[in-house]
Amino acid sequence: MKKVYLFFLLICGMFGQTPLSAQLTDHILGELLVQLQPGTDASRWTGNWSEFAGRSTLLRVQDCSSPPLNIWRLHFDHTQVNELRFLSSIRRDKAVIAAQFNHFIDMRTTIPDDPFFDRQWQYINPGGDAGVENADLDMDLAWDIS
């Protein structure tokens, strides 16, 4: 009887536990990607946002992620300002076309579930059947980014 009771406690302990999980963020804290209107100087524009809600943002340009689209990676002090309110305000700026947090990306191995995909050598060419290895479009690499 003692063994049954011990076994019962062990099972209850295993299934009765509540898993603990920390809050996970889906973006790099304090980083934004902002697309500015053509002709807008990013360094001068960030100066307009040096303060937000009475606090210093320390907003600065990290780099230009896409020169043709005028997309800039910006860094700010996320400990001083509310990220969501700050992003919302930046999105309302007339010089901004689009703005978002700099989200993490995951590299995956994604292959379509097309039953004839293995016959489409132009996407992934391992060199079988007298083919030239890696003579393909490498589209599978793009499918892996999300």
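Among (1) of a type outside the set (Phe, Trp, Tyr); (2) in the same structural domain as residue 36 (by TED's automatic domain parsing); (3) surrounded by fewer than 16 Cβ atoms within 10 Å (Cβ to Cβ); (4) farther than 14 Å from residue 31 by Cα, where does residue 96 come up short?
So the condition that residue 96 fails would be (3).
Are there any pairs, at least 6 apart or on different chains, whose C-beta atoms fall under 7 Å, with the first in the range 42-57 and in the same structural domain as residue 97 (by TED's automatic domain parsing) and surrounded by fewer than 12 Cβ atoms within 10 Å (Cβ to Cβ) and the second modelled with pLDDT under 95 and in a helix (DSSP H, G or I), and if so, which?
Within 7 Å, no pair qualifies.
So, in the range 52-62, how many residues would count as being on the phi > 0 side of the Ramachandran plot and not small (Gly, Ala, Ser)?
Adding up the residues that qualify gives 1.
Taking the stated definitions as given, is residue 18 out of contact with any His (no Cβ under 7 Å at 6 or more places or on another chain), of a type in the set (Ser, Thr, Tyr) and either within 30 Å of residue 81 (Cα to Cα) or modelled with pLDDT of 95 or more (or both)?
no
Mind listing just one residue for me: the one in the range 99-119 that is among the aliphatic types (A, V, I, L, M) and either in a helix (DSSP H, G or I) or farther than 19 Å from residue 136 by Cβ (or both) and, of those, modelled with the lowest pLDDT? Please lay out each step first, then the result.
Taking the range 99-119 and keeping what is among the aliphatic types (A, V, I, L, M), we get 99, 105, 107, 111.
Retained after the next criterion (residues that are either in a helix (DSSP H, G or I) or farther than 19 Å from residue 136 by Cβ (or both)): 99, 105.
Working: 99: 98, 105: 83.
The residue in question is 105.
Filter the range 78-93 for residues that are in contact (Cβ under 8 Å) with a residue 24 or more places away in the chain, hydrophobic (A, V, I, L, M, F, W, C) and in a helix (DSSP H, G or I) and give the result.
Once the filter is applied, which keeps residues that are in contact (Cβ under 8 Å) with a residue 24 or more places away in the chain, hydrophobic (A, V, I, L, M, F, W, C) and in a helix (DSSP H, G or I), the range 78-93 yields 86, 87, 90.
Yes/no matrix, rows are residues, columns are (1) at negative phi; (2) acidic (Asp, Glu); (3) surrounded by fewer than 11 Cβ atoms within 10 Å (Cβ to Cβ):
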{"site": "23", "(1), (2), (3)": "yes, no, yes"}
{"site": "27", "(1), (2), (3)": "yes, no, no"}
{"site": "31", "(1), (2), (3)": "yes, yes, no"}
{"site": "37", "(1), (2), (3)": "yes, no, no"}
{"site": "69", "(1), (2), (3)": "yes, no, no"}
{"site": "83", "(1), (2), (3)": "yes, yes, no"}
{"site": "101", "(1), (2), (3)": "yes, no, no"}
{"site": "105", "(1), (2), (3)": "yes, no, yes"}
{"site": "112", "(1), (2), (3)": "yes, no, no"}
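Starting from the range 113-136, take each residue that is free of Cβ contacts under 8 Å to residues at least 60 places away in the same chain and list its partners that are surrounded by 12 or more Cβ atoms within 10 Å (Cβ to Cβ) and not in a loop (DSSP other than H, G, I, E, B), counting only C-beta distances under 6 angstrom and pairs at least six apart or across chains.
These pairs meet every condition: 123/139; 124/140.
The values are calculated or read from the model by the stated rules, or taken from the named source; none is laboratory data. Note that the structure is predicted; figures quoted are calculated from it, not measured. Note that we place each Cβ from the backbone using ideal geometry, even for glycine, and neighbour counts take in every protein chain shown.
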